[in-house]
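Working notes for the structure below.
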Amino acid sequence: MSRLIPPVLRSTDLPLAVLSAARLDGVLWGIHDGFCPVDEPDRPELRVLALSSVVQPHDVIVGRTAAWVHGAGTRVIGPVEVCSRARPLGAWRTGTRYREIALDESDLIQLAPFTPYVTTRARSISDIAVDSLRTIHDSELVLALSGGDAATVRAHAGDLAAARRRPRKAAGLEFLDAVVAEATRRGTSCL
């Protein structure tokens, strides 16, 4: 059975006034720059579809944006972050942060057919840790990606420590140590 309504609607599908009115009526809910029917649950596949109008098919969604795709946070923090696999020089978009990072195939997943690739949870944690532009949301994003478990964050710190040739590795390890301390504090304060 074919779908009558796409999972993510934009102003190219219907006028923005109609979409906004449907959202106010409780028929649609907002996701990034699109709208979804209320019977569509929030899930990573839907989040990557919401970004498909901004991200080119040959781009990889990385960093904080990848964390959002994986379910960390309710909105994209900052500009959409991508790593371009192949892009002509004239095709850079405003509102998008292009990151130059080396990615292995094991770092990538495709959540739905015909959508851009996204870095895995583990790679997203590593990318947030070594990012030179720190935000106040970074600890929360890493905690959400790791399920709030200090041991999981410690394991990711061990993976980062073992990685070869990662710029800002020392700063990333220091950040992950602070996140482990925060996860441990939250875990023990609930007892």
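The values are calculated or read from the model by the stated rules, or taken from the named source; none is laboratory data. Being a predicted model, the structure only gives us computed values, none of them experimental. No Cβ is skipped: glycine too gets one built from the backbone with ideal geometry, and neighbour counts run over all protein chains shown. Note: areas computed on protein heavy atoms with side chains; ligands, DNA, RNA excluded. Shrake-Rupley method; radii C 1.70, N 1.55, O 1.52, S 1.80 Å.
Enclosing the Cα atoms of the chain in their convex hull gives a volume equal to 158 cubic angstrom per residue. For Arg97, nonlocal amide neighbours, meaning residues 5 or more places apart or on other chains whose placed amide H falls under 5 Å from its own, are Val80, Glu81, Val82. Protection proxy ranking of 27-35, 107-115, by the mean of other Cβ atoms within 10 Å over each peptide's residues and highest first, is 27-35, 107-115. What percentages make up the Cα-Cα pair-distance distribution of the stretch 12-112 when the bins are 5 Å wide from 0? Once binned at 5 Å, the Cα pair distances of the stretch 12-112 give 2, 11, 22, 21, 18, 13, 7, 4, 1, 0.
Accessible area per residue for the chain is 55 Å², calculated with a 1.4 Å probe on protein heavy atoms, without ligands, DNA or RNA. A straight chain from Ala181 to Ala17 at 0.36 nm per residue would run longer than the Cα-Cα distance by 54.4 nm. With the simple spin-label model, which puts each label point 7 Å out from Cα in the Cβ direction, the Arg43 to Arg85 separation comes to 2.4 nm. Subtracting the Cα-Cα distance of Tyr98 and Gln56 from their residue separation scaled by 0.36 nm leaves 13.9 nm.
Quick one: pull the percent of accessible area on the stretch 1-152 belonging to carbon and sulfur, 1.4 Å probe, ligands and nucleic acids left out. If you can, show how the numbers build up before the last one.
Details: 4620 of 7840 Å².
Here it works out to 59 percent.
Ignoring everything except DSSP H segments at least 4 long, calculate the 222 nm mean residue ellipticity for the chain; use -39,500 (n - 2.57) per segment, divide by total residues, nearest 500.
Only helices count here, giving -12000 deg cm²/dmol.
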